[in-house]
1. Out of the residues in segment 171-194 meeting the condition of being in a loop (DSSP other than H, G, I, E, B) and not β-branched (Val, Ile, Thr), tell me which one is most open to solvent (accessible area, probe 1.4 Å).
2. Scan segment 291-333 residue by residue and report those that are in contact (Cβ under 8 Å) with a residue 40 or more places away in the chain and surrounded by fewer than 21 Cβ atoms within 10 Å (Cβ to Cβ).
3. For residues in segment 154-170 being more than 25 Å from residue 187 (Cβ to Cβ) and not in a loop (DSSP other than H, G, I, E, B), which is modelled with the highest pLDDT?
4. Taking into account only those residues within segment 226-238 that are buried (at least 21 other Cβ atoms within 10 Å of the Cβ) and touching a Ser or Thr at 6+ places or on another chain (Cβ under 7 Å), which is farthest from residue 162 (Cα to Cα)?
5. Mind counting the residues in segment 207-225 that are open to solvent by 10 Å² or more (accessible area, probe 1.4 Å) and under 15 Å from residue 157 (Cβ atoms)?
6. When you scan segment 338-361, how many residues do you find that are farther than 17 Å from residue 316 by Cα, without any contact (Cβ under 8 Å) to a residue 40 or more places away in the chain and assigned to a helix (DSSP H, G or I)?
7. Pick from segment 8-20 the residues that are in contact (Cβ under 8 Å) with a residue 40 or more places away in the chain and under 21 Å from the mean Cα position of the chain (by Cα): which of them is nearest to residue 32 (Cα to Cα)?
8. Does segment 195-206 contain any residue that is open to solvent by 40 Å² or more (accessible area, probe 1.4 Å), closer than 26 Å to residue 120 by Cα and of a type outside the set (Ser, Thr, Tyr)?
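The values are calculated or read from the model by the stated rules, or taken from the named source; none is laboratory data. Note that the structure is predicted; figures quoted are calculated from it, not measured. Cβ atoms come from the backbone with ideal geometry, glycine included; neighbour counts cover every protein chain shown. Just so you know, the surface numbers come from the protein's heavy atoms only, side chains and all, with ligands and any DNA or RNA stripped out. Shrake-Rupley method; radii C 1.70, N 1.55, O 1.52, S 1.80 Å.
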Amino acid sequence: MMAQSNLSYTSSTLSMEIVAKCSTTKARVGKLKLPHSIVDTPVFMPVGTQGTLKGITPKQLENLDIRIMLGNTYHLGNKPGEEILKKAGGLHNFMSWDRSLLTDSGGFQMVSLVKLAEFSEEGVKFIHPHNETEMMLSPEKSMEIQNAIGADIMMQLDDVVSSTETDQDRFRLATKRSIRWLDRCIAAHKRQTEQNLFPIIQGGLDEELRKDCLKEMTSRDVHGFAVGGLSGGECKDDFWRMVTVSTDGLPDNKPRYLMGVGYAADLIVCSALGCDMFDCVFPTRTARFGVALVRKGQINLKRVEFSKDFEPIDKNCECSTCRDYSRAYLHMLFKNNNPSACSMVSIHNVKYQADLMAAVREAISLDRFPDFIKERFLELFEDQSNFPAWACDALESVGVKLKK
């Protein structure tokens, strides 16, 4: 029997209806209506840094029924640049994609390109790693680029600090600065009737600092929220506790986006903790190394054992790769460094993520999510003794006892 909920939120550019809630955990199923598509949540969003996923065309994504994907503001702002994007009529037209787009703010490059960045209250000055040109990415510039891109959901520019940073003063500065930069982003946002701006909850691993950020950012007139500053190498115990602190402090009727999460166990646990949206480069990046995602975890198709394996990656998968090709064929392509191998496994991995989230939504809707969690964890880890302690603790905090 479906666990019903009447929670909903409506604006001119976004509506969110919570159509089912788990009676045990904080998990919920939603219908997120955006300018370009309706997205069922919880959802995993594949990352297309520069207007495409590596090795997958937009049409192939459409055939996989992907309703929303990501783009990167910093990289798109450099190439092709906002003038080209404006002339093209936005990234949707430029890449021939009529479904939803979400753009990050460029803030993540403060961590990934930290040695090439200079920080100030104005913004972040980057030195391009290839041509040494400068870009001053301020809140205003981030909004200008994202308005040119035309994404359905845009992120505020936040002051991003690696979660492994030990200087607590730096976290306090970053959190307060992110609140100030949010207000500058709101003021600079020129397409408020067409695009949605999400704040990014910061605060590092400090519960009180994160709560302060939540209080400030939820007081602004915005249509959804992102949880940031995690998935950067911090202890998993700290990770899940900060996720649950964040979802506890966010409105029930607006979307909650947990940034940078893509492993199957993490997606399941964080759905139970109340998150609606996820993204990560993991499925496509790992495909380039010959790794395919399967119900039991993953397999490396470069291993010699697959050279004579004529089964598909997953006989229950309906993607074009599993329908038409064997593990042995893919093994040969990888051993010959054929780029089509990466494309074919990427298609499968994206489909795997989409199918996993569809199964999560179905289990929540049928109000059997706790049983689903136990079944999937046994598949992923084979035995209860292998269950990650952090996942057991996180799930127990929302009423699911994984181990007998």
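1. 190
2. 291, 294, 295, 296, 297, 320, listed by residue number.
3. Here is the first cut: in segment 154-170, the ones more than 25 Å from residue 187 (Cβ to Cβ) are 162-170.
Among the residues that remain, those that are also not in a loop (DSSP other than H, G, I, E, B) are: 168-170.
Details: 168: 87, 169: 90, 170: 87.
Filtering first and then ranking leaves 169.
4. So the residue we want is 227.
5. 1
6. 1
7. Pass one, segment 8-20, residues in contact (Cβ under 8 Å) with a residue 40 or more places away in the chain: 8-9, 11-14, 16, 18-20.
Filter once more, so that each one left must be under 21 Å from the mean Cα position of the chain (by Cα): 13-14, 16, 18.
Details: 13: 11, 14: 7, 16: 5, 18: 9 Å.
Out of the qualifying residues, it is 16.
8. As a first pass, look at segment 195-206 and keep what is open to solvent by 40 Å² or more (accessible area, probe 1.4 Å): 205-206.
Checking which are closer than 26 Å to residue 120 by Cα leaves us with 205-206.
Among the residues that remain, those that are also of a type outside the set (Ser, Thr, Tyr) are: 205-206.
So far as segment 195-206 goes, yes, one or more of its residues are open to solvent by 40 Å² or more (accessible area, probe 1.4 Å), closer than 26 Å to residue 120 by Cα and of a type outside the set (Ser, Thr, Tyr).
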